[in-house]
Structure formats: structure tokens, C-alpha cells
1. Would you be able to tell me the number of residues in region 258-278 that are in contact with a strand residue (DSSP E or B) (Cβ under 6 Å, 6 or more places away or on another chain) and part of a loop (DSSP other than H, G, I, E, B)?
2. Of the residues Thr149, Thr140, which single one is in contact with a strand residue (DSSP E or B) (Cβ under 6 Å, 6 or more places away or on another chain), under 25 Å from Phe260 (Cα atoms) and surrounded by 18 or more Cβ atoms within 10 Å (Cβ to Cβ)?
3. From the set of residues in region 372-387 that are of a type in the set (D, E, K, R) and either buried (at least 16 other Cβ atoms within 10 Å of the Cβ) or not assigned by TED's automatic domain parsing to the domain that holds Thr261 (or both), which is farthest from His302 (Cα to Cα)?
4. Can you tell me which of (1) under 30 Å from Gln250 (Cα atoms); (2) among the hydrophobic types (A, V, I, L, M, F, W, C); (3) touching a Lys or Arg at 6+ places or on another chain (Cβ under 8 Å) is the one Ala360 doesn't meet?
5. Would you be able to tell me the number of residues in region 181-215 that are under 26 Å from Val338 (Cβ atoms) and touching a helix residue (DSSP H, G or I) at 6+ places or on another chain (Cβ under 7 Å)?
6. Among the numbered criteria (1) within 30 Å of Asp236 (Cα to Cα); (2) surrounded by fewer than 19 Cβ atoms within 10 Å (Cβ to Cβ); (3) touching a helix residue (DSSP H, G or I) at 6+ places or on another chain (Cβ under 7 Å); (4) free of Cβ contacts under 8 Å to residues at least 60 places away in the same chain, which one does Lys354 miss?
7. Go over the candidates Glu348, Glu327, Glu364 one by one and state the one that is out of contact with any His (no Cβ under 8 Å at 6 or more places or on another chain), part of a helix (DSSP H, G or I), within 26 Å of Gly277 (Cβ to Cβ) and not hydroxyl-bearing (Ser, Thr, Tyr).
8. Restricted to region 388-399, and to residues that are acidic (Asp, Glu) and without any contact (Cβ under 8 Å) to a residue 60 or more places away in the chain, which residue is surrounded by the fewest Cβ atoms within 10 Å (Cβ to Cβ)?
Amino acid sequence: MKVYFLKHKDNIAAEILFNEVTGGLESVISVVDEKALPICSQDGHTENLEAWWYNRAVPRSRSDIRKLLDREHVQTSQSLLLNNLGLSMTDAFWVCPAGHEIKWEEVSFHLNPPASGDQEMVQGFQGTWWSAQFTPAASTGGELRKNWTFTNGRFELLKGNLSAYYFQQSLNEVIASKVHEAQGYGNYVPYHLVRFKDGSMGCACPCFTNEHVELVPAWEIFAKHRGEAHEGSMLDAYVSYAEAEGFDRQSVRNHIDYMFTTDFLLSNTDRHSSNHGLLRNSDSLEAIGPAPVFDTGNSMFHLGGGISSFHDLFHLRVSSLYDTEDEIMDNVRNPSLVDISKLPSKEEILSILKKDPVVAPSAERLYSYFEFKANIILARQRGLTMRQIEDRIASAMGDDEERTDINKAWSAFWGSLEA
């Protein structure tokens, strides 16, 4: 066991005992400055620090986890994180071994960019007691292979796919970027395609945090306020909790309504509470606003297959605030924040999907789902609930629920609304 100081930049937040073999957080010895703690552990919730540390480490399901562990001769992702002092690209938290004078300016990735744009970015640090190279990969979440690079004066995250044989997840990130661009919505992370050294395709995006701006994942907001009474849906609760942390209520509300509506359009199944959040000033700790929309790769039926009936497009299971898409959409207050008349053209979306020869044969079918979802959003904008829309489209389809072109029934649907 070894004692470390949990720090936010150079401010000591707490004294913590770590197991150096497993990398696990054993206990909180004392809180020094509660304001410097991660939000999830404030107001007497230091029990959440164990989950915070665990969630900070690379998940064990990560495709390149074995390579990362072998490189540093450790057995667990938490040990990997501890070896890297818990450093992250997205915030200013880290851990410092007790008895060693290490300054934030010596270890911050943002203050010490690499001299070259190596795809596997490491940061050298010459200490009085060791020589170490730290990698932000130790705290970069998600199951896909990810590396950081410093290119043309900015940090970029490079992300792979579930398979080396197809790269639809990367294509989906590009499609999502095109949707936000067409909407004229400025608060999103733009993605573009890249080719890795091994010849496989992936995508890249700029880092949306820096030395003065850090991310507070949504799960931390929920963890701090868990059990508090609230009115309305889980979306309403998140907005209320964010407001309690100093964020503007309407800005947060509009952002999540927009985000979840575009997620529905793209059939994104992975908007869990580590995949969205809030930004704050890492110097003053003051609220800035909602974090940009990021990480939309698990969309557009990226695992292959399709639907057995149009009903499936209402009830896709998701990893999010609710279990299914229709539950989320029924709790979006303002779906009109997405203008369906301002979307990438069919030709543009098909041209992106057809870049992958494995996905290309399914491109037309995938677009038909996208088009169907756009019509559902239009109907929600008319004030209908998801159940009402589903029942009316079923009536419009009649006995032909398994029709090949599921979108042919929409003309009858709109006609029924005017009758």
C-alpha cells in the first residue's frame, strides 16, 4: 500500500491509500479541500471516489488493453492508470505519491505537448526520483483502440473500430458531424477519416478540452445528486442537477434535447452518461456550459443486421438514461431544435457509407432507416407521442407491415393527420 495525494492541478484535494499491485483505491485517509475533489465525491460523497478511479481507467474490454498492460508490465488497467499518475487529457485531476515534490506544470499533457506527431503520444518527465513516460491512453475511455497525437499545433484523438475489416463506426462519426454541420449547430466535435500505420481506417477529432477547460462527465452529476427528489424525467433531473452545479438550465436543456434527437435520428445506441457532460473552467471551477456532442460511432446499425419490422425503429435498446429510444424521445421536450429540412442529402450520406466495401451493399437500407426516423421526429414536432406515431404508421401500413420500402406509408400517415 502507498499513500498518494489526489490533486486538482497543484491543489491537494485528498490523501488516499492505493494498492500498488492492483492499482485500486483502497481508502480515503482524509479530505484536504472538498472544492478540489471530483464533483461526484463532494458534499460528503467520498465513497464515490472508488468508482471515479475505476471509471477513469481504460475498460478491460478495450481492444488494445493487452498491449497497453504489457508495455508497462502491469496486470490491471487501474495499475496502468496509477503508473501514469491518473493523468488525463480531459481534466486537471491527478495523483502524486506522498513525499515527492511534483508540480502540475511538469506533468500536464496540455502544458507539455510532444515535439512530434507520433500516433502513440507519450510525455516524458524527468523527476528527482524516477524517469517516466506518461501516456493519455491510460485514462482514455471506450472499448475501441484509441491514441492521441499532436498535429499541426493541436491535440487529436485517433479512434479505431470494432473490426479491422470494416470501419462503419468511423463513417458514422463523419455522418454525425455532417448532420450537426447541416443543422448549423456549433457545439459538436467534428470527426474526419484517417488511415493508421497498419493500413486500417479510423477517425480523428480535435481535443475539446485544454489547460483551462475540463470535462465533467454526466455520470458524476448523477452520482453526486443520487437520491435527491426531482420532478419529471431523468432528462429533467439531469437539467436540475446541472443547474445546482451552477450551469445555465436552458442551455443544458436545449443541448440534451438536441443531442438525444440527433441520436435518435442516427440510431445511436451508446449515449451513456460517460458519453456526454459539462464543461467548466479548470482554474476558477466556474461553469462554462454543455460539453460538445461527441462519440456517436455506435450508430446506424453498425453491428450489422437490420430490423424485422418498422416497430423495431421505435424500440431500439440503448445504453442511456432509459432502456429504449422511444422512452427517451417521449421525454425530449423540444424535438423542434432539430430542423429536418436541414440534413445531409441522401447522396452525401450514401457516398460516406459506400466508402467501406463491407457496408456499401447495405447503404440504401441504412439510409431508409435514417429517413424513417426523420419522419418520426417530424411527427413528434407535431405534438404526437411515440406510441401515437407508431399506432398511426401501423394503421397507414395496413396489412403490409413487412413492406420493403417502409417509408412509402408516410404519405398516408400525414394524410391521416389532416383528415
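The values are calculated or read from the model by the stated rules, or taken from the named source; none is laboratory data. Keep in mind the model is a prediction, meaning the values are calculated, not measured. No Cβ is skipped: glycine too gets one built from the backbone with ideal geometry, and neighbour counts run over all protein chains shown.
1. Step one: list which residues in region 258-278 are in contact with a strand residue (DSSP E or B) (Cβ under 6 Å, 6 or more places away or on another chain), which gives 259, 274, 277-278.
Subset that is part of a loop (DSSP other than H, G, I, E, B): 274.
Total satisfying the criteria: 1.
2. Values: Thr149 fails: under 25 Å from Phe260 (Cα atoms).
It is Thr140.
3. Narrowing region 372-387 to residues of a type in the set (D, E, K, R): 373, 380, 382, 387.
Within this subset, residues satisfying the condition of being either buried (at least 16 other Cβ atoms within 10 Å of the Cβ) or not assigned by TED's automatic domain parsing to the domain that holds Thr261 (or both) are 373, 380.
Working: Lys373: 16, Arg380: 25 Å.
The qualifying residue farthest from His302 (Cα to Cα) is Arg380.
4. Only one criterion is unmet by Ala360, namely (1).
5. Within region 181-215, residues that are under 26 Å from Val338 (Cβ atoms) and touching a helix residue (DSSP H, G or I) at 6+ places or on another chain (Cβ under 7 Å) number 8.
6. Here Lys354 meets the rest and fails (1).
7. Working: Glu348 fails: within 26 Å of Gly277 (Cβ to Cβ); Glu364 fails: within 26 Å of Gly277 (Cβ to Cβ).
The match here is Glu327.
8. Initial filter on region 388-399 (acidic (Asp, Glu)): 390-391, 399.
From what's left, without any contact (Cβ under 8 Å) to a residue 60 or more places away in the chain: 391, 399.
Numbers: Asp391: 12, Asp399: 6.
Only one residue tops the list, namely Asp399.
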